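Q: First, the structure itself, so that you have it in front of you.
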Amino acid sequence: MKQIYAKAALSRRETDVLRVIGDGKTTSEIAVKLKVSIKTVQEYCARLQQKLDAANRNRLIRIAVLWRADITEIVVKGTRVTRGGDRKSFLAR
């Protein structure tokens with residue numbers, strides 16, 4: 001499985017946003033689903049782009065889709081972010 005390395009751990013909410021992006025939702029749809037403002041979703045996306053080193057929103061969407069399809073995994077300093085949003089240590093593997 002391909003790994004994408006993140007610069008920092010993703011928060012629970014960032015993981016939620018990434019999951020919904022991977023489901024193909026727009027910014028407006030994400031805001032409604034997560035019951036936050038569009039501005040808040042945009043801020044989460046900007047943080048995700050920075051943490052995942054995604055050059056633009058299209059790259060972030062690609063990462064999210066591959067992650068949701070279980071084609072790739074997001075790795076942060078010895079931990080893995082699962083599709084369910086849980087962090088699991090490599091040592092537990």
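Since every read-out is calculated from the coordinates, none of them should be taken as a lab result. This one's a predicted model, so the numbers in the text were calculated from it and none came from an experiment. When we count neighbours, we look across all protein chains shown, and the Cβ atoms used for this are built from the backbone with ideal geometry, even at glycine.
Q: Filter the stretch 8-22 down to the residues that are in a loop (DSSP other than H, G, I, E, B) and in contact (Cβ under 8 Å) with a residue 60 or more places away in the chain, then identify the one that is nearest to the chain's Cα centre (by Cα).
A: So, considering only residues that are in a loop (DSSP other than H, G, I, E, B) and in contact (Cβ under 8 Å) with a residue 60 or more places away in the chain, the one nearest to the chain's Cα centre (by Cα) is Leu10.
Q: For the stretch 52-74, what are the residues that are loosely packed, with under 15 Cβ neighbours inside 10 Å, of a type in the set (A, V, I, L, M, F, W, C) and outside any loop (DSSP other than H, G, I, E, B)?
A: Once the filter is applied, which keeps residues that are loosely packed, with under 15 Cβ neighbours inside 10 Å, of a type in the set (A, V, I, L, M, F, W, C) and outside any loop (DSSP other than H, G, I, E, B), the stretch 52-74 yields nothing.
Conditions tested, residue by residue: (1) over 11 Å from the mean Cα position of the chain (by Cα); (2) touching a residue at least 12 places away in the same chain (Cβ under 8 Å).
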{"site": "Gly24", "(1), (2)": "yes, yes"}
{"site": "Val32", "(1), (2)": "yes, no"}
{"site": "Tyr44", "(1), (2)": "no, yes"}
{"site": "Ala55", "(1), (2)": "yes, no"}
{"site": "Asn58", "(1), (2)": "yes, no"}
{"site": "Asp70", "(1), (2)": "yes, yes"}
